[in-house]
Amino acid sequence: AQLTFVPNSNQGEQKVMFQSDIHSGRAFFSTTGVTFSFYNADDVNRIHEESEHIIDSEEERDQQKDKVACFAFSVNFEGSSSEKISGEDINNYHVNYFVGNDSSRWASDLPVYNRLNYSDLYPGIDLVYYSEGDDLKYDFIVAPRADPSIISMQYVGLNSILLRDNTLQLELGFMTITEVIPAAYQFVNGTRRE
């Protein structure tokens, strides 16, 4: 499924501007970076399977822990100056959030976008998030004569981060996220050129 981006209309933390449901978690986009929150899908599946069986004794019930491992980390845009995050490529449907009893935290009829744009994250540099299938992707759009060396992404809260076989391996404990080597390209007369 394609990932989408929904604006925060008080259904989430105040600093969050947009959010996206991602595989086994959620991404929260703010002006200073992105926070990724994941849960262990194997734990969820195990609890679901166990709930289908009748538990005969209190001892058995105590042994079956309904715990789900979770992990969060952030990617901060160091030295960035963007205050403008906007959704692009709007879908023809909307979403609603009616969670809990506090109606001030409810949100309805929110637009859903296929792309998220950070305008002027750095001077002359935009950042665009989108998806290819269920993979979250991002591009830095560098204007002519802008300096890409000022882009700085700080990863905070990981168990470890490794450079292996031209990929960045982000270790979360119960899963590893892989970022592939960056590719630089431009369009010349409508043709992509590396």
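The values are calculated or read from the model by the stated rules, or taken from the named source; none is laboratory data. A quick note: this is a predicted structure, and the numbers were derived from the prediction, not measured. Because the Cβ atoms are built from the backbone with ideal geometry, glycine has one as well, and the counts that use them run over all protein chains shown. Heavy atoms of the whole protein, side chains included, go into the accessibility calculation; ligands, DNA and RNA do not. Shrake-Rupley method; radii C 1.70, N 1.55, O 1.52, S 1.80 Å.
Below are the figures for this structure:
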| read-out | value |
| --- | --- |
| Taking the chain and dividing mean pair separation by its residue count, relative contact order in percent (alpha carbons under 8 Å, at least six apart) | 19 |
| Pairs of alpha carbons in the chain whose separation is greater than 27 Å (percent) | 42 |
| Degrees, to the nearest 10: 41-51 long Cα axis against longest axis of the chain | 20 |
| Gyration tensor (alpha-carbon) shape descriptor, the stretch 108-164, a/c threshold 1.5 | oblate |
| Cα-centre dipole for the chain with unit charges at Cβ (Lys and Arg positive, Asp and Glu negative), debye to 20 | 980 |
| Of all accessible heavy-atom area on the chain, the percent that carbon and sulfur account for (1.4 Å) | 48 |
| Over the stretch 60-148: Kirkwood hydrodynamic radius from C-alpha pairwise inverse distances, Å | 16.9 |
| Computed FRET value (nearest 0.05) for residue 160 with residue 194, which takes r as the C-beta separation and R₀ as 30 Å | 0.45 |
| Gained length - residue 84 relative to residue 137, 0.36 nm times residue gap less alpha-carbon distance | 17.2 nm |
| In Å², nearest 10: area of residue 44 left accessible to a 1.4 Å probe | 60 |
| Label-point separation in nm, residue 178 to residue 14, each point 7 Å along Cα→Cβ | 4.2 |
| Stretch gain in nm, segment residue 68-residue 103, where the contour uses 0.36 nm per residue and the Cα spacing is subtracted | 9.8 nm |
